[in-house]
Amino acid sequence: MHELSLMVALREQVLAAAAARGARAVTAIHLRIGRLAGVEPEALQFAAALVLAGSLAAGAALVIDSVEARCHCRPCAAPFEVLDGMCVCPRCGAISRQLLCGRELALAALELEGLEPDP
Ligand SMILES: [Zn+2]
């Protein structure tokens, strides 16, 4: 399961960021996931529960911000939204090979608990 290896890699980032800020717990993990990243949100939730168990981030909520996929059309010199994974321009029908976004999978933000209050 590809979501499991993604989550294992993400766990390192999450725990390192939480430790760097002196958090006692991670309550939520916000992710930005492109529509073409090939990630099943349900499988990711399942993988997160498995991978984060016993860590600072055990039980953290996974908040997924889905990012639309966009291609650039050369004839129109404009971007368009990719529907159904097809990079075909809805205006002129040209096939684009320039994907602008939609494959990303990034850690967007963390909600932490137990931070030292600012002096
Ligand atoms: Zn076009």
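Would you work out the charge dipole size for the chain about its Cα centre, treating the Cβ of every Lys and Arg as +1 and the Cβ of every Asp and Glu as -1, and quote it to the nearest 20 debye?
On the way: 10 positive and 13 negative charges, 112 e Å.
Dipole magnitude for the chain comes out near 540 debye.
Which percent, nearest 5, of DSSP beta bridges in the range 2-113 are antiparallel? Each step should come with its number before you reach the end.
On the way: 16 of 23 bridges.
Of all bridge pairs located within the range 2-113, approximately 70 percent are antiparallel.
In the calculated pair distance distribution of the chain, what percentage of Cα-Cα distances lie above 23 Å?
Details: 3000 of 7021 pairs.
Counting pairs separated by more than 23 Å, the tail of P(r) holds 43 percent.
Can you compute the helix-only [θ] at 222 nm over the chain? Use -39500 (n - 2.57) per DSSP H run of at least 4 residues, normalise by all residues, nearest 500 deg cm²/dmol. All intermediate terms of the calculation are to be shown ahead of the outcome.
Working: 2 runs with 31 residues, N = 119.
Using -39500 (n - 2.57) per qualifying helix, the result is -8500 deg cm²/dmol.
So which trypsin sites (Lys or Arg not before Pro) in the range 17-87 pass both tests, a DSSP loop state and at most 14 other Cβ atoms within 10 Å of the Cβ? Kindly include the intermediate steps, with their values, before the conclusion.
Values: sites: Arg21, Arg24, Arg32, Arg35, Arg70; in loops: Arg21, Arg24, Arg35.
Passing both the DSSP loop test and the Cβ count: Arg21, Arg24.
Laboratory data are not the source of any read-out in this text; all were calculated from the coordinates shown. Computed from a predicted model, the values in this text were never measured in an experiment. Here the Cβ is made from the backbone with ideal geometry for all residues, glycine too, and neighbour counts use every protein chain on show.
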